[in-house]
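Take a look at the structure set out below.
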Amino acid sequence: MTIMETTLDSVFNYVFKRIIYFNSNHKDLIIKTLKVIKDEILKTNSCDTFECIVYIDSFGIYCNNENVINQFERLLISKLPDNTLIYPHYTANSVHFEDIRRFQTHTHLPLGQCILEAIQVIKESIDKFTLNNIFLSFNGGKDCVVLLYLFQAVLEELKFNGQIKAVYFQSDDQFSEEEDYVQSTVNRFNLDLIVIKGELKSGLNEFLKENPQFSASIIGTRQSDTGSTKLQFFQKTDPGWPTLMRVQPLLHWNYNNIWSFLRQFSIPYCCLYDKGYTSLGNKSKSHPNPNLKYIDENTGEVKYWPAFLLQDSNSERENRL
């Protein structure tokens, strides 16, 4: 086990990484647990490129095999007491957008392919419609969070310093945690966010009447979403809806790609995902995913793994009624 007093990890040539923060009062426990897990994993995996580095208030897991990292995280959560780890949404660490752009060179990896494709679609949408005529659909869910960070990575490359125009279509049955996350993201990015309450179609219609300059919306739809298998990257709204081009850079992403992205780049997300929620809909119709349920061996309590540890991605929406 390596212990360092700096958070610089650029010297490590590993493809995948997880930077995980912890409660400083539990540093000795963290170091002890990491050693146990590392020995446990090395007994079952012939993985030569695997390292765990402990920093001042965080530790990094580095490996060229993402499955090993996922195994490490599962063991870690099962062995540590509650409130030992501090997830990204409770930290003030900054995301390095250059890391996101650089990862698209890993075209031999699914995540690299996904990032490359999404960035190309975003750039094409800017060329076609210009930034003055595009808004981002943002509701705080995991997919639109990925989209926001990809969009910002492109804007940083283009040296765009203006505000991102975003629209939040808000229902009357939202989680307060989701509302809090949206607001924290607005503050983090200085988003120019408009909140539209009520029914989606009428709300969109009123928004476009008041803002006729917008001709395209970037949204986080995936083909794995219900009824979305035949969608294209650029798709006009259906007949009867306000006229708008839907730009969908994440069409070919799946559930695992989404979480690989969020975890790889230590991106803050809504805390409900750490409580077993795998998909966020209306509050009254969403609950922790039963496929993430487990019994704590130490306390006998019923608990739920975080959403990023869901093993069957096809069960993503089994937490919604």
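Residues to consider are 243, 185, 226; find the one that is surrounded by fewer than 14 Cβ atoms within 10 Å (Cβ to Cβ) and under 22 Å from the mean Cα position of the chain (by Cα). Give the derivation first.
Working: 243 fails: under 22 Å from the mean Cα position of the chain (by Cα); 185 fails: surrounded by fewer than 14 Cβ atoms within 10 Å (Cβ to Cβ).
Exactly one residue qualifies, and that residue is 226.
I'm trying to understand the selection: among the residues of region 126-173, which are in a loop (DSSP other than H, G, I, E, B) and within 19 Å of the chain's Cα centre (by Cα)?
Result: 138, 139, 140, 141, 164.
Within region 36-50, does at least one residue satisfy the condition of being farther than 24 Å from residue 254 by Cβ, in a helix (DSSP H, G or I), touching a residue at least 40 places away in the same chain (Cβ under 8 Å) and touching a helix residue (DSSP H, G or I) at 6+ places or on another chain (Cβ under 9 Å)?
yes
State which residue pairs qualify: first residue among the small types (Gly, Ala, Ser) and inside region 1-25, second residue at pLDDT 50 or above and open to solvent by 50 Å² or more (accessible area, probe 1.4 Å) in any location, beta carbons under 6 Å apart, and separation of 6 or more residues or different chains.
Final answer for the pair search is 24/57.
If you scan region 267-291, which residues turn out to be open to solvent by less than 20 Å² (accessible area, probe 1.4 Å) and out of contact with any Lys or Arg (no Cβ under 9 Å at 6 or more places or on another chain)?
Within region 267-291, 267, 272 qualify.
Among the residues of region 125-138, which ones are open to solvent by 10 Å² or more (accessible area, probe 1.4 Å), of a type outside the set (A, V, I, L, M) and free of Cβ contacts under 8 Å to residues at least 60 places away in the same chain?
Correct list: 127, 130.
In this structure, does residue 172 turn out to be surrounded by fewer than 17 Cβ atoms within 10 Å (Cβ to Cβ) and in contact with a Phe, Trp or Tyr (Cβ under 7 Å, 6 or more places away or on another chain)?
Against the criterion (surrounded by fewer than 17 Cβ atoms within 10 Å (Cβ to Cβ) and in contact with a Phe, Trp or Tyr (Cβ under 7 Å, 6 or more places away or on another chain)), residue 172 does not qualify.
Does region 206-215 include one or more residues that are more than 21 Å from residue 164 (Cβ to Cβ) and of a type in the set (Gly, Ala, Ser)?
The answer is no; no qualifying residue exists.
Looking at (1) within 30 Å of residue 233 (Cα to Cα); (2) open to solvent by less than 30 Å² (accessible area, probe 1.4 Å), which is the one condition that is false for residue 52?
Going through the list (1) within 30 Å of residue 233 (Cα to Cα); (2) open to solvent by less than 30 Å² (accessible area, probe 1.4 Å), residue 52 breaks only (1).
Examine region 202-211 for a residue that is closer than 16 Å to residue 143 by Cα and open to solvent by 40 Å² or more (accessible area, probe 1.4 Å), and state whether such a residue exists.
First, pick out the residues of region 202-211 that are closer than 16 Å to residue 143 by Cα: none.
Looking for residues that are closer than 16 Å to residue 143 by Cα and open to solvent by 40 Å² or more (accessible area, probe 1.4 Å), one finds none in region 202-211, hence no.
Under 17 Å from the mean Cα position of the chain (by Cα) and loosely packed, with under 15 Cβ neighbours inside 10 Å: which single residue out of 311, 264, 232, 248 fits that description?
After applying the criteria, what remains is 311.
Go through 154, 146 for me and flag whichever is at pLDDT 95 or above, out of contact with any Leu (no Cβ under 8 Å at 6 or more places or on another chain), closer than 23 Å to residue 95 by Cα and not small (Gly, Ala, Ser).
Checking each option against the conditions leaves just 154.
The values are calculated or read from the model by the stated rules, or taken from the named source; none is laboratory data. Every value quoted in this text rests on a predicted model; they were computed, and no experiment measured them. Virtual Cβ from ideal backbone geometry, glycine too; neighbours counted across all protein chains shown. Please note that ligands, DNA and RNA were not included when accessible areas were found on the heavy atoms of the full protein model with its side chains. Shrake-Rupley method; radii C 1.70, N 1.55, O 1.52, S 1.80 Å.
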